[in-house]
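The values are calculated or read from the model by the stated rules, or taken from the named source; none is laboratory data. Everything quoted here is computed from the prediction, not taken from an experiment. Note that we place each Cβ from the backbone using ideal geometry, even for glycine, and neighbour counts take in every protein chain shown.
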Amino acid sequence: ALQAGIVGLPNVGKSTLFNAVSNSAKAQASNYRFCTIEPNVGLVDVPDERIAKLAELVQPDRTVPTQIEIVDIAGLVKGASKGEGLGNKFLANIREVDAVIHVIRCFEDENVLREEGAINPVSDKEIIDTELQLKDLDSVEKQIQKKEKQAKTDPKAKVELEVLQRCQAHLEQGKSIRALDLSKEDKSAVADLFLLTDKPVLYVANVDEASMHTGNKYSEALQKVAAEEGAEIIIMNNSIEAQISEMDDPDDKALFMDEYKMTEPALSRLIRSAYKLLGLNTYFTAGVQEVRAWTFHEGWKAPQCAGVIHTDFEKGFIKAEVIGYNDYITYKSEAAARDAGKLRIEGKEYLVKDGDVMHFRFNV
Ligand code: GDP
C-alpha cells in the first residue's frame, strides 16, 4: 500500500494523531485483516460510504474497503538537515513515503511545552519546510557535481543539469520543489533523487476543542498560506480523535461524537484526503460474496486495474463490463442497469473512472 507520513515539530500532536490511526487500525483488524506492520506504521481502511450503499443493494456476505499506510515520522527539529537530533534518520524516513501529512499546532496550552515561543503556525510550517528544502538542496547540489562532468560530452546530461540548476535556484529562494513548474521530462531528471519537497502535502491544523468545527485565528493563518500552495488543510482536534479511537463500544462512540456534534471522526476525513493526495482512485466489484473496493492510480486502463485483483486478470484480460457508480445506485442492480443499457462493454484502452463497478472477463 502507498504510504503517507506524519511530520511536524515536537509537541504539535503527531503521536496523538498516530495513536488515533493505530487504534482504528487495530479495531478494523479484528474484523478481517492483519494491521500493524511496525510500531510506527499503521494500515488503515479508507472510509468510503459508497461501499455501504452498494452493500445495501447487493447484500453480500462481507464488504472490504481499500487501505493506505500511515507512518509516524517523529523527531524532526530545527537543524535536522544539518544532522541535529538524529535529523538525517528522520529525513530519510520522509524519503520513503509517497505523501506528507504535516501537523501544525493551532492550540494554546501552557502545559504543553513549546520551544518556539508564541503559537505561530506559519513560522512552524516554515521551519519544517526550510529543513526539507535544505536537505533537497544538498541532494540537488551533489547531483549537479556529478552531472557537470558528464554534461560536457553528453547532451542528455546537459539537459538534466539545467533542470537541476533550476531546482537549485528555486530551493535557494526558500521554495519547495512541488511549487516549481517542471514538465514531465524535467521531472524524470530529478525522479531518482526522491526530493522531499516534491512530495504532495496536506496540513492538519490541530486546534482546541472549541474550534473543532469553526477553526481559529491560527488555523485561518495557516489556511491562507496553504491556499497559496493549493494545499488542503484539515481542521481537527487530535486529542478528541485519539479518545474516539479508544472507545470499543460503538454506542459510547456515537454518544461521544454526538456530544461534540460530530457526524464522523475527523480522522475519516483525513484518511480520505490522504488517499486523494496519493493520487488514488477506487473501483468496485459487487457480488453476493463480497462488495469490495480496489485501489488504482489515476490514468490506469482496464487491464492494469484488473491486475490489482490478480495478475492473471491482467495477463488474460478480454474485456470489462462496467456500470458507473451512479447508474448502479439508480437502477439498484446489475440486471436492471443492463436492461436500461447502462452496462458498458469496455476493452483494453478503457480508462477506469473512480466509482466504476467492474466485472472482468479474462482467459485463464
Ligand atoms: P508530538 O510531539 O507532535 O508527537 O506531540 P504529542 O502528540 O505527543 O502531543 C504533545 C502534547 O500535546 C501531549 O501532552 C498531548 O496530550 C497534547 N496535545 C495533543 N493534541 C492536543 C490538542 O489538540 N489540544 C491540547 N490542548 N493538547 C494536545
Can you go through 295, 330 and tell me which one is of a type in the set (S, T, N, Q), on the phi < 0 side of the Ramachandran plot, out of contact with any Lys or Arg (no Cβ under 9 Å at 6 or more places or on another chain) and at pLDDT 95 or above? 295
Yes/no for residue 68 being among the β-branched types (Val, Ile, Thr), within 16 Å of the ligand (Cβ to nearest atom), touching a Phe, Trp or Tyr at 6+ places or on another chain (Cβ under 8 Å) and in contact (Cβ under 8 Å) with a residue 40 or more places away in the chain: no
Could you tell me which residue of the stretch 213-240 is nearest to the ligand (Cβ to nearest atom), considering only residues that are within 23 Å of residue 180 (Cα to Cα) and under 19 Å from the mean Cα position of the chain (by Cα)? 233
Can you name every residue in the stretch 312-344 that is more than 32 Å from the chain's Cα centre (by Cα) and among the aliphatic types (A, V, I, L, M)? 318, 335, 336, 337, 340
Flagged pairs (Cβ under 6 angstrom, 6 or more apart or on separate chains; first in the stretch 248-269, small (Gly, Ala, Ser); second assigned to a loop (DSSP other than H, G, I, E, B) and surrounded by 12 or more Cβ atoms within 10 Å (Cβ to Cβ)) are 268/47
Pick from 268, 239, 273: which is of a type in the set (Ser, Thr, Tyr) and in contact with a Pro (Cβ under 9 Å, 6 or more places away or on another chain)? 268
Single condition residue 130 does not satisfy, out of (1) in a helix (DSSP H, G or I); (2) more than 19 Å from residue 229 (Cβ to Cβ): (2)
